[in-house]
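A short reminder: the numbers here are calculations on the coordinates, not readings from a lab. As the structure is a computational prediction, the values presented were derived from the model and not from experiment. When we count neighbours, we look across all protein chains shown, and the Cβ atoms used for this are built from the backbone with ideal geometry, even at glycine.
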Amino acid sequence: MELHPFFTAQRVLIVAGKGGVGKSTVAASLAQLSARSGLPTLLITLDEPANGLAPDVHLEQITVSPGRALSDYLATKGLGLISRQLARSGIMELVATTAPGLDDLLVLGRIKAFENERPNGVIIVDGPAAGHALDLVRAPEQLKRAIGSGPISQQADEVLTMLSDPARCKVMLVTTAAITPVTETCEAADELTEKAHIALAPIIVNKCNPDVPRVDDAILLPAIREAYQYLSLRAAAQTEAIGVLTDSLKQPQLHLIQHHSDGTALINTIADDLEQAIRGLP
Amino acid sequence: MSTQPVIDMCVSARVIVTCGTGGVGKTSVAAALGFEVAQQGKRAIVITIDPARRLADAIGLGEGTGNEIQRVPLDATGELWVTMLDVQETFDSLVRDTSPTPERAKEVMDNSFYRSLSRSLSGTRDYMAAERLYDLCEDERFDVIIVDTPPSRNALDFLESPERLARFLKHPIVKFLVAPSRGGFRLVNAAMQPVFKAISTVVGGDTLTGTAAFLRAFDGMEEEFSRRALVVAATLRSSASSFVIVTAPSPDALTEANHFVSELSRLGITLRLIVANRMPPHFGTLTATEEHSMAQSQSGDLARVHELIAGLHDDADRADSDIQAFIQRTSVAFPAVSIAFATELATDIHDMDSIGALAQQLAAPPSQQ
């Protein structure tokens with residue numbers, strides 16, 4: 001598959017995965033690659049800006065902070081003064097507690113606003129870690145149940161329309177090739193598609209170990225037989241985990257090899273690997 | 001420094017808190033420490049706050065067990081128990097315990113705000129973790145309580161959550177909402193009016209009324225809440241508690257480990273142990289002569305195998321130096337910190353035998369690790 005159809009298959013791509021799988025690096029590399037291919041690209045991170053992005057005329061990044069989403073929202077509704085009063089009196093927290101998921105909804109609302117502003121752009125969201133991704137995308141529905149009407153309810157409707165439209169939004173799950181993260185990824189995939197009605201993009205299998213050729217133990221010098229057995233066992237465990245993933249989820253997989261660099265070098269290397277893997281897709 | 005830091009900790013601590021980012025094997029280490037406590041003849045309980053069922057997976061427990069306490073069958077003189085944190089269940093039993101009458105408890109639990117409060121994950125989960133720890137500390141069935149914090153940057157928030165809740169409940173506007181109703185909010189004073197209007201605009205008037213009703217029903221119960229919270233906070237800051245950072249030798253895991261080191265410093269808590277988990281193993285190497293003769297006569301596959309094995313050596317060396325650098329930095333803030341190492345296994349930890357093997361590695365004297 002060419003890069004452009006891959007990146008424009010949806011307007012918003014939410015990258016999600018549990019801690020330690022390299023989710024943020026993958027999100028940054030995807031944005032870097034998309035921009036490198038000439039598509040105007042926006043990388044949205046939550047809480048903290050991405051590190052190590054190389055400058056590119058087509059690449060912008062912005063940080064949306066869930067903690068500030070409510071005051072930002074009030075400001076856009078012409079309630080900036082009230083918002084400052086709430087913040088000063090310390091009851092912003094009360095308001096957020098009163099309607100759990102409000103922060104999440106408002107974050108999604110910001111993402112939707114960026115999507116409206118950029119009809120021809122690619123938006124990559126470095127989503128929240130672990131199980132929180134599901135809370136994020138389920139927030140609009142839950143809030144709608146709690147709050148019958150008003151601006152928030154309307155916002156929830158608009159966000160739900162975006163989330164459930166596969167041409168506008170997909171979730172890209174990132175995992176590593178071990179059985180525990182793969183199991184959790186399969187569970188997350190089920191919940192995202194069945195409970196939140198969100199379409200899935202191809203699955204990223206990150207930090208793969210290289211394939212190990214089969215050789216007869218006997219031709220190896222004794223000193224390195226143990227190392228070879230370790231390599232073989234590790235490769236077998238990886239094959240088994242990928243097998244479970246293939247059996248459970250029909251989405252295509254993009255396999256990325258483990259690297260030891262970090263920062264800009266790592267993002268660029270993974271962008272290269274991603275390009276190769278995407279071109280290998282049918 | 002002690003020659004058996006992990007065993008010393010397992011027999012002397014009342015509470016052990018493990019923290020670390022995802023993917024470093026934190027839950028397995030928590031279970032392994034519990035295993036070691038049981039080997040030492042004491043009774044351990046491991047509580048995982050992580051909503052994912054990873055501890056359950058690792059030790060072969062089924063799903064959906066909530067707050068239920070389960071014993072892990074072990075061949076040991078002590079005992080190993082495990083449990084998870086069910087936020088709703090913990091909150092309900094806390095309300096029942098602190099409510100002056102059963103009717104009041106029911107009133108609180110039927111309130112729509114209460115139900116959404118206990119479903120929302122953020123602050124409530126942290127607070128309930130502290131509450132559950134209070135319960136377990138009071139429970140005479142256990143000698144050592146091991147708390148496996150969630151794999152997030154904010155894992156230590158639960159240490160401060162009791163104070164946050166107490167502050168919240170004392171807030172003037174909360175006090176105002178709790179005050180006896182005089183015809184709803186119509187008599188809200190002029191200064192409060194725009195604030196209430198703003199809240200109503202955002203979340204709807206019904207929600208606010210529900211919140212006020214909850215806070216009124218809850219009135220008086222917060223004192224017992226606060227008392228328990230302070231007991232937990234004091235225990236965690238006392239010498240009875242030991243904090244453990246679990247890390248792996250990858251750049252992102254070490255960045256997060258550094259973050260936990262500064263969080264602990266900020267909270268005034270002493271770090272007792274670093275667990276350097278998932279260390280790539282060291283294997284035997286070829287002599288220079290062997291290597292030379294191999295290079296002469298290698299088919300493609302064999303050459304590749306040698307290349308991969310050379311890669312393993314590089315991984316192990318790099319991991320050693322990255323971890324040593326982390327330990328040195330950490331020793332500046334915590335000079336008395338101990339270190340335990342465990343090697344990465346070729347396969348995932350998936351049963352009690354592999355937990356036991358991990359415990360054995362952690363408990364081995366430093367010279368043998």
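The table that follows gives values for the structure above.
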quantity: Neighbouring partner chain Cβ atoms per residue of B:308-320, average, 10 Å criterion; calculated: 3
quantity: Hz values of 3J(HN,Hα) by residue in segment B:317-333 - Karplus curve (6.51, -1.76, 1.60), Gly and Pro given as x; calculated: 5, 4, 4, 4, 6, 5, 5, 4, 5, 5, 4, 5, 4, 5, 5, 5, 6
quantity: Restraint check, A:144/A:250; A:23/A:250; A:23/B:26; A:77/A:170; A:18/A:250; A:195/A:250, Cα-Cα greater than 26 Å; calculated: A:144/A:250; A:77/A:170
quantity: Estimated inter-spin distance, residue B:237 and residue B:140, nm [label 7 Å along Cα→Cβ]; calculated: 3.0
quantity: Qualifying aspartates and glutamates (Cα of each under 18 Å from Cα of residue B:106; at least 8 residues distant if same chain); calculated: B:89, B:92, B:97, B:219, B:222, B:224
quantity: Within 10 Å of each Cβ in A:19-26, the average number of Cβ atoms from other chains; calculated: 5
quantity: Placed amide H near residue B:46: partners under 5 Å, 5+ positions off or other chain; calculated: B:81, B:82, B:83, B:146
quantity: R0 of 30 Å, Cβ-Cβ distance residue A:255-residue A:65: FRET efficiency to nearest 0.05; calculated: 0.35
quantity: Rounded to whole Hz, the Karplus (6.51, -1.76, 1.60) HN-Hα couplings of segment A:32-46, x for glycine and proline; calculated: 4, 5, 4, 5, 4, 7, x, 8, x, 10, 10, 9, 9, 10, 9
quantity: Estimated FRET transfer efficiency when R0 is 25 angstrom, pair residue A:197-residue B:110 (beta carbons, to 0.05); calculated: 0.20
quantity: Cα centroid separation, segment B:4-50 to segment B:139-160 (Å); calculated: 11
quantity: Relative contact order (%) - chain A, alpha-carbon pairs under 8 angstrom, separation at least six; calculated: 26
quantity: Förster-model FRET efficiency, 51 Å R0, residue B:351 and residue B:97, C-beta, rounded to 0.05; calculated: 0.90
quantity: Farthest positive-ward along segment A:3-279 dipole, Cα basis, beta-carbon charges - from A:177, A:65, A:266; calculated: A:65
quantity: Inter-label distance, nm, simple model (7 Å from Cα along the C-beta direction), residue A:165/residue B:74; calculated: 5.6
quantity: Centre separation in Å (Cα based) which lies between segment A:9-31 and segment A:214-281; calculated: 19
